[in-house]
Amino acid sequence: MSFTLKYTDITEIREITKQNYTIKELINELGLSSQTVVSKQNGELVIEDTIINDGDEIQLIQIIYGG
């Protein structure tokens, strides 16, 4: 089972490594902070506890902020 990951200039097919694999686990594996990215699953905004399913497209969008 696999899904498509889109992040910055990267588009790649990744394997689902376990049952109930969440977006939070993906963010952690990529070494990102859930406070600095917004996630979309198949074009819809979702929370980080969302489970990734076979064939999903997961897009991680970097949040830009400053002062």
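Values in this text are rule-based calculations from the coordinates and carry no lab data. Worth saying up front: this structure is predicted, and the values here are computed from it rather than measured. So basically every Cβ, Gly included, is an ideal-geometry build from the backbone, and we count neighbours across all protein chains shown.
Values as computed for the structure displayed
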{"quantity": "Proximal charge balance of residue 48 [Cβ under 15 Å; K/R count +1, D/E count -1]", "calculated": "-3"}
{"quantity": "J(HN,Hα) series, region 53-61, from Karplus relation 6.51 cos²θ - 1.76 cosθ + 1.60, nearest Hz, glycine and proline x", "calculated": "10, 4, x, 5, 10, 10, 10, 10, 10"}
{"quantity": "Pair residue 65, residue 19: separation of 7 Å Cα→Cβ label points (nm)", "calculated": "3.7 nm"}
{"quantity": "Cα shape, the chain, gyration tensor, a/c 1.5 rule", "calculated": "prolate"}
{"quantity": "Rounded to the nearest 20 debye, dipole of region 2-62 from Cβ charges on Lys, Arg, Asp, Glu", "calculated": "100 debye"}
{"quantity": "Built amide H within the under 5 Å cut-off of residue 22, gap 5+", "calculated": "52"}
{"quantity": "Simple label model, 7 Å out from Cα along Cβ direction - residue 6 to residue 38, nm", "calculated": "1.4 nm"}
{"quantity": "Sequence-distant residues sharing a close amide H with residue 56 (under 5 Å, placed H)", "calculated": "4"}
{"quantity": "Distant-in-sequence amide H partners of residue 37 (H built 1.01 Å from N, under 5 Å)", "calculated": "63"}
{"quantity": "Virtual paramagnetic centre 7 Å along Cα→Cβ of residue 48, amide N under 15 Å, in region 6-22", "calculated": "22"}
